[in-house]
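Okay, so here's the structure we're looking at.
The values are calculated or read from the model by the stated rules, or taken from the named source; none is laboratory data. Since the structure is predicted, the reported quantities are computational estimates derived from the model, not experimental observations. Virtual Cβ from ideal backbone geometry, glycine too; neighbours counted across all protein chains shown. These accessible areas exclude ligands, DNA and RNA; they are computed on the full protein's heavy atoms, side chains included. Shrake-Rupley method; radii C 1.70, N 1.55, O 1.52, S 1.80 Å.
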Amino acid sequence: MPRLALYAIAVCVLAVVAAVISFAQGSLLGIVWVLLAGLSSNMAWFYLRRQRARTAGQ
């Protein structure tokens, strides 16, 4: 698994945890965390698919 994909997955997990904590405290700042989780999730998928395409093309 590519290193950047692992970093993106870690950021995604941390952002989801931060969103849950923010919403539990009644803060609307959790919306920003949800958006960051979505962005990092898409980045992880991108890096994983790019690695898969590279290995299939070799």
Length-normalised contact order of the chain, Cα under 8 Å, at least 6 apart, in percent, tallies to 45 percent
CD proxy, 222 nm, the chain: helix-only mean residue ellipticity via -39,500 (n - 2.57) per DSSP H run with n ≥ 4, per residue, nearest 500, stands at -30500 deg cm²/dmol
With every protein chain in place, the accessible area of VAL20 for a 1.4 Å probe, in Å² rounded to the nearest 10, comes to 90 Å²
So the carbon and sulfur contribution to the accessible area of segment 18-58, 1.4 Å probe, in percent, is 65 percent
For volume of the Cα convex hull per residue in Å³, with candidates (i) 103; (ii) 158; (iii) 47, the value calculated from the shown model is option (iii)
Counting only protein heavy atoms and rolling a 1.4 Å probe, one gets per residue an accessible area for the chain in Å² of 77 Å²
Each label sits 7 Å from Cα toward the beta-carbon; between ARG52 and LEU6 the label points are separated, in nm, by 2.0 nm
Residue by residue through segment 3-12, the couplings from Karplus 6.51 cos²θ - 1.76 cosθ + 1.60 with θ = phi - 60°, in Hz, x for Gly and Pro, are 4, 5, 5, 5, 4, 5, 5, 5, 5, 4
